[in-house]
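Remarks on the structure that follows.
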Amino acid sequence: MRMSNVVMTTTKMVSPFLVTYSIYIMIYGHISPGGGFQAGVILAVSVILLLTAHGYEEMEKKFTESQFKIIESIMGIAILILVSIGILFGGMFYNYINRGTFGLPFSGGIIPLFNIFVGFKVGAGFMVVYYILTRWSEGD
């Protein structure tokens with residue numbers, strides 16, 4: 001079901017800001033409140049807005065469920081690699097990257113990387129669930 005032109009235009013205008021805010025929270029999540037999970041939810045909401053406003057059939061041409069499954073799997077593997085390297089260096093989630101100046105994005109060691117991986121994993125996971133629920137509700 002397509003929405004009105006006002007809704008479609010508004011979602012096209014709002015979604016880039018949501019994506020930008022999500023990336024900001026991923027990068028600065030170790031300095032301020034937020035982190036990977038919150039950023040992933042905001043990222044998923046930006047795509048869900050577009051899917052809802054423009055209709056499932058039209059948006060599935062641009063964002064397929066299999067793309068989100070691949071992204072989720074890659075991010076899961078990346079998190080496992082990050083943890084495995086930490087275990088090799090001395091402990092679970094060991095902060096093995098040199099930490100910089102306090103308050104800057106690169107001051108968190110592996111935490112910003114972890115937030116980015118978790119953000120994309122959560123966002124892709126929410127999108128897969130959204131696709132499953134949408135397909136189920138439409139009776140496909």
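The values are calculated or read from the model by the stated rules, or taken from the named source; none is laboratory data. Predicted model only: the values in this text are computed from it and were never measured. All Cβ positions, glycine included, derive from the backbone under ideal geometry; neighbour counts span all protein chains shown.
Just checking: which of the helices (runs of 4 or more DSSP H) contained wholly in segment 5-64 hold 2 or more residues that are closer than 24 Å to Val118 by Cα, touching a residue at least 12 places away in the same chain (Cβ under 8 Å) and of a type outside the set (Val, Ile, Thr)?
Ranges flagged: 5-28, 36-54.
Is at least one residue of segment 65-74 without any contact (Cβ under 8 Å) to a residue 24 or more places away in the chain, assigned to a loop (DSSP other than H, G, I, E, B) and of a type in the set (S, T, N, Q)?
Scanning segment 65-74 turns up no residue that is without any contact (Cβ under 8 Å) to a residue 24 or more places away in the chain, assigned to a loop (DSSP other than H, G, I, E, B) and of a type in the set (S, T, N, Q).
Can you tell me which of Gly40, Gly34 is within 17 Å of the chain's Cα centre (by Cα), surrounded by 15 or more Cβ atoms within 10 Å (Cβ to Cβ) and at pLDDT below 90?
Going through Gly40, Gly34 in turn, just one is within 17 Å of the chain's Cα centre (by Cα), surrounded by 15 or more Cβ atoms within 10 Å (Cβ to Cβ) and at pLDDT below 90: Gly34.
Take the conditions modelled with pLDDT of 70 or more and within 22 Å of Ile23 (Cβ to Cβ) and apply them to Ile77. Does it pass?
Yes: the conditions hold for Ile77.
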